[in-house]
Amino acid sequence: MSLLITFEGPEGGGKTTQIGLLQQALLAAGHSVLVTREPGGTAIGNAIRALLLDATHTAMSPRAEALLFNAARAQLVDEVLQPALDAKQVVLCDRFADSTLAYQGYGRNLALTDLAQLIAFATKGVRPHLTIFLDITPEEGLRRKSQSAGAEWNRMEAEQLAFHQRVRRGFLSLAAQEPARWLIVDAGQPIALVHEAIRTRVLQALQHEAAR
């Protein structure tokens with residue numbers, strides 16, 4: 001069955017770890033699973049990712065940033081997401097459209113209505129069935145990131161703490177507007193507990209989709 005599950009959250013929340021654990025659990029249960037990310041997931045998207053995250057591009061305007069993220073998103077939808085959903089796969093995506101609203105909207109103070117129109121054009125109506133928000137304070141998340149082996153600070157991570165605080169508040173606001181789609185998990189818990197909360201909710205979503 002087709003299901004798009006997106007993972008969101010501040011830096012250092014453990015998205016990569018939890019996506020890997022969920023992928024293993026779903027594969028063990030016999031599901032066909034595709035894992036991808038934003039920005040990236042395609043050759044074109046990866047080239048745009050390099051531009052977006054390059055710490056030397058300090059002159060990039062918020063509008064240019066939003067357009068680049070959505071250019072990568074449009075390519076991912078056309079080349080990867082829509083074909084995978086058409087093939088009845090479970091798709092796990094590290095970030096998606098909600099990141100634009102949180103980072104460029106709440107973080108950069110761009111108009112949410114303008115961003116929503118841009119997202120609608122880029123996604124052609126593709127929306128997550130479930131969004132998992134790994135919640136952690138920006139202070140703790142950035143501390144974790146700085147202590148991880150081989151950590152490199154990209155352009156987004158290098159932003160001031162106040163920016164990351166606005167982003168987190170943005171995510172929480174988005175989740176409050178669509179509680180049925182979002183699962184908020186305390187990312188400060190042990191990895192196994194975070195995974196179990198995610199796995200339980202995903203199994204519920206799969207059962208709901210199968211019953212439709």
Q) Highest GNM mean-square fluctuation, the chain, Cα pairs closer than 10 Å: which of Ala59, Ala50, Ala122? A) Ala59
Q: Using a/c under 1.5 as the rounded threshold, could you call the stretch 97-212 rounded, prolate or oblate? The axes a ≥ b ≥ c are square roots of the C-alpha gyration tensor eigenvalues, and prolate needs a/b larger than b/c, oblate otherwise.
A: oblate
**Q.** Label-point gap, in nm, between Asn109 and Ala28 - each point 7 angstrom along Cα→Cβ
**A.** 4.8 nm
Q: Quick one, can you get me the convex hull of the C-alpha atoms of the chain expressed as volume per residue in Å³?
A: 120 Å³
Q.
Which of the three applies to the stretch 16-130, rounded, prolate or oblate, going by the alpha-carbon gyration tensor with a ≥ b ≥ c and a/c under 1.5 meaning rounded?
A. prolate
(Q) Tell me the accessible surface of Ser2 in square angstrom (1.4 angstrom probe, heavy atoms of protein chains only), to the nearest ten. (A) 20 Å²
Q. Counting only residues 5 or more places away or on other chains, whose amide H sits under 5 Å from the amide H of Val35 once H atoms are built in the peptide plane?
A. Leu92
Q | For the stretch 98-103, 3J(HN,Hα) per residue [Karplus equation, 6.51 cos²θ - 1.76 cosθ + 1.60, θ = phi - 60°, Hz, x = Gly/Pro] | A | 4, 5, 5, 5, 6, 7
Q) Tell me, what is the per residue accessible area of the stretch 1-82 in Å², probe radius 1.4 Å? A) 42 Å²
Q: Rounded to the nearest Å, what's the spacing between the alpha carbon centres of the stretch 158-199 and the stretch 1-61? Just the number, please.
A: 15 Å
Q | Computed label-point distance, nm, for sites Ser146 and Leu172 using a 7 Å Cα→Cβ extension | A | 2.2 nm
Q | FRET efficiency for Ala59 and Glu139, using Cβ-Cβ distance with R0 set to 25 Å, rounded to 0.05 | A | 0.35
Q: Would you work out what percent of the accessible area of the chain, with all protein chains in place, is carbon or sulfur (probe 1.4 Å)?
A: 55 percent
Q. If you place +1 on the Cβ of every Lys and Arg, -1 on the Cβ of every Asp and Glu, and leave all else neutral, what size is the dipole of the stretch 1-135 about its Cα centre, to the nearest 20 Debye?
A. 120 debye
Q. Is the stretch 6-52 rounded, prolate or oblate when judged by the Cα gyration tensor, a ≥ b ≥ c being the square roots of its eigenvalues, rounded requiring a/c under 1.5 and prolate requiring a/b larger than b/c?
A. oblate
Q | the chain, relative contact order [Cα under 8 Å, separation at least 6], % | A | 33 percent
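The values are calculated or read from the model by the stated rules, or taken from the named source; none is laboratory data. Owing to the predicted nature of the structure, the values given are computational and were not obtained by experimental measurement. Every residue, glycine among them, receives a Cβ derived from its backbone with ideal geometry; neighbour counts consider all protein chains shown. Areas reflect the complete protein model, heavy atoms only, side chains present, ligands, DNA and RNA absent. Shrake-Rupley method; radii C 1.70, N 1.55, O 1.52, S 1.80 Å.
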